[in-house]
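Here the structure is laid out as structure tokens; the discussion comes afterwards.
The values are calculated or read from the model by the stated rules, or taken from the named source; none is laboratory data. Keep in mind the model is a prediction, meaning the values are calculated, not measured. Heads up, the Cβs are rebuilt from the backbone with ideal geometry, glycines too, and the neighbour counts pull from every protein chain shown. Protein only, heavy atoms only, side chains kept; ligands, DNA and RNA dropped before computing areas. Shrake-Rupley method; radii C 1.70, N 1.55, O 1.52, S 1.80 Å.
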Amino acid sequence: MNKDISGSDDSEREEDENTVRGNWTNKREYLLSMIGMAVGLGNIWRFPYLAYKNGGGAFLIPYFIMLICLGVPLYFLETALGQFCSQGPINTWSAVPLLQGVGMAGLIGNVMVSIYYGVILSYTLYYLFASFQYPLPWTNVLDGVNCTSPQHVAVNVTSMSVSNWTRENRSCTTANITTSSTEQYWDQVVLQRSSGLGETGSMVWQLALCLLLSSIIIAAVLLKGIKSSGKVVYFTATFPYVVLTILLIRGLTLEGAKDGIDFYIGSKSNLTKLAEIEVWRDAATQIFYSLSVGFGGVTALSSYNKFQNNLVVDTFLICIINCATSIFAGFAIFSILGYMAHIYGIPIEEVTKEGFGLAFIVYPAALATLPISPLWSILFFLMLFTLGLDSQFAGMELITTCLHDAFPKYIEKKRALIAIVTCAFMFLLGLPCVTQAGIYWVTLIDHFVAGWVVLVIGFLEVFGIFYVYGGHRFIKDIEMMIGTKSVWFWLYWRLCWYFITPFVTLIILVLSLAMSMPPTYGPVEYPAWGLDLGWCMAVFCIVLIPATALYKLAGAQGSFRKRLRLLCSPSEDWHPYLDVHRGERYAQERFHTGNVVDDEPSCRTCCIS
């Protein structure tokens, strides 16, 4: 029985409830949590930069093609896996025990990403607190002296001619320098950045306290799991849209806004860019990372759905909202950047950055030039903080979900304690990232762990489910939840899952490795041992996959061929567990649909079911 997306519980039958793990209170909380996880900082500080860099409006063509061929199928796959068996990303691989390491790799990758995401939250909190000052403190840092009038606030993070206060004649003169006031504030005040990864320096206690505060907030929200986090997302998932709308309206009233928007996605679109392979790679990777597939968060949150939830509607709704948010955010960002370029009389290219450069250097400089600048700064950084919180909620909930699945008898009544301990542990892991060398660690983790690792996991997910577990069996599992569908309904999904999605993912993975460049932070290069450490972090995630497979093969009985066939079939507790968990209704439906373990070959490694 399909369910309307309105969130009404009246239309659902009592036997659809999960009395063991619990369910979302209503559909709205689930959708807002999933949207909050998908819509993150990358939508604000990465997509607009990629759009202008790759041809403006022309970039939307490969972007939406990759959404259809890559993003939607993977998102639907992970949602269906979690909802069908009501387990996190590790236990779902009881369907293919040989590949259970895929879930473990995703969990470890999520832990590493959550470390630096927590640090980013500490950056936004620092700027949020600093915004309660007038004038804004980053307008007053250049060479340690005050030059706060708008024409003296440097806004470019590359070499340019800016006004600088000269103490000798007490007047402003022109000097060629390579840093701006906002960049010096970021480097010298916020980060207190050292010269490189090898110079750890001291702890930046202001950031450490902000990291502690964000950890306390996250722990408080997760005390009761999804029952408490589901209430918080009513604010954290919707507030960023309010702020983006306010910033867009304000930006459109400023001189130069039209030039900024034209530069972003308007009349300067360059269709010739579509002939460049890098444009398609950027579109695919942005879709992949923006939807948060691969690390297990989608599977973990959807595991709390009711069995007959309409996950098809959910998938398309969340994916469309996520992509629409990226495009909408670009208008808000570039309208302000166009204004900033206008008042300083410089090309927009010189004020357009991505990542930390946009969020903590360029955009704060632009906000400083507006009337009532503290108000706009408070709104902007509060928006960034809520965006980061939603993503961090999902990451931490994934960890606690996996712990609950592994030790259900011990953890069921200790969720609050587990949430506190998990957040405390993550806080301790994040402390090296708030030293004077912290930004180098954040960049290193982002480059190696949040890069090609997630592509490997995504490829193995599709391969494992459709070429080992069995695509036909998986489709029957989905129909048990949403009802029988026509052959035409499944045509798109079959084409993507069997051919297009794994092929595109593999191509993007190869291109990412082939075109990979060593990470840098500005002009600072990483030492050889630092790069080796980055590769070790990535390899540690991936090596769990073959290591787990070898461990299970060694523990199985019989010949190698018999062991392989056994581990490519659902484990013994897979369907009996579901029979008990889902009740008699599940067992009857499975019997009538013929979805029985022994009905299909045990291993489909080289064939399509």
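Just so you know, the Rg over Rh for the stretch 255-334 is 1.10, from Cα atoms, with Rh as the Kirkwood radius. In this view, the solvent-accessible surface of Thr548, computed with a 1.4 Å probe and all protein chains in place, comes to about 20 Å².
Model label points for Gln133 and Glu278, set 7 angstrom from Cα along the Cα-to-Cβ axis, are 3.9 nm apart. Projected label points at Trp535 and Tyr234, each 7 Å from Cα along the beta carbon direction, are separated by 5.2 nanometres.
In plain terms, the chain from Phe316 to Phe560 could stretch by 83.6 nm, reckoned as 0.36 nm per residue minus the Cα-Cα distance. In the structure shown, the pairs Lys273/Lys476; Lys27/Lys552; Lys306/Lys485; Lys231/Lys413; Lys476/Lys552; Lys27/Lys413 are assessed against 30 Å; a Cα-Cα span above that value is assigned to Lys273/Lys476; Lys27/Lys552. For the stretch 351-421, the Kirkwood estimate of hydrodynamic radius, built from reciprocal distances between every pair of different alpha carbons, is 15.0 Å. Taking all protein chains together and a 1.4 Å probe, the residues Lys258, Lys353, Lys231, Lys409 rank Lys409, Lys258, Lys231, Lys353 from largest to smallest accessible area. With each label modelled as a point 7 angstrom along the Cα→C-beta vector, the Phe64-Tyr241 pair spans 2.0 nm.
Between the amide H of Leu222 and any residue lying 5 or more places away or on another chain, no distance stays under 5 Å, with hydrogens modeled in the peptide plane. Dimensions of the stretch 174-316 along the principal axes, based on C-alpha atoms and rounded to the nearest Å, stand at 66, 49, 36, largest first. Computed over the stretch 30-147, the range of Cα coordinates on each principal axis works out to 64, 35, 26 Å, biggest value leading.
Using all pairs of distinct alpha-carbon atoms, the Kirkwood hydrodynamic radius of the stretch 305-451 works out to 19.2 angstrom. Counting only lysines at least 8 places from Lys258 when in the same chain, those with an alpha carbon closer than 17 Å to its own are Lys268.
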